[in-house]
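Taking it in order: structure first as structure tokens, then the write-up.
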Amino acid sequence: MHAPDASSTPQNWELYRHAVVDIHLHDRTVRVEPRAPGTTEGSFPEPAGNAALHVITAWNPYGRTVSAEHNARAHGLLLDELDRQRLTWWPAAGGDACGTHVEESVAVAGLSDDAARELGRHFGQDAVFSWTPDAWRVSACYSDTATVSGWAAFARNGRTP
């Protein structure tokens, strides 16, 4: 597989823009959903402080479905890299709102947007997510394409955290 054309928008961009992410924090699981720009509903997680949480996966490089074994091996390499860099992270899962497509991921504290995109590129990813107190951002790993929206965060029991 080869890297996408740096001048183009990823093929699955609309899916990424509408994806939801579950982040498994120490004491609860929080679902983050995109909302209209400028909207924030719920609480940004205290463990992150005011730093961005970047959501990154190693699954299905270049937007192509691969075997469960390949995805498990790639996820293990991603965890090894996070540990090597001594980054703080939490388990996460991203996919469509219906749950028909879900990819094992991580929510990482302490990365710049450029470092998160570089890590995504290292694992052949089209895009990474960035959650800050005031925005939810989807950033392409191989181009400057980005979409900024608002967010809503709900505890998985349906109440806002």
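Across segment 147-156, coupling constants 3J(HN,Hα) worked out from phi with the 6.51/-1.76/1.60 Karplus curve, θ = phi - 60°, read 10, 10, 9, x, 8, 10, 10, 10, 4, 4 Hz, and Gly and Pro carry x. Here the convex hull built on the C-alpha positions of the chain has a volume of 109 cubic angstrom per residue.
Quote the FRET efficiency, to the nearest 0.05, computed for ARG121 versus VAL66 with a Förster distance R0 of 22 Å and r equal to the Cβ-Cβ distance. Computed FRET efficiency for ARG121 and VAL66: 0.80.
Sites listed here are trypsin sites (Lys or Arg not before Pro) in segment 76-129 whose DSSP assignment is loop and whose Cβ has at most 10 other Cβ atoms within 10 Å: ARG86.
A short reminder: the numbers here are calculations on the coordinates, not readings from a lab. This structure is a prediction, so every number in the text was calculated from the model and none was measured. Please note: Cβ atoms are built from the backbone with ideal geometry, for glycine as well, and neighbour counts cover all protein chains shown.
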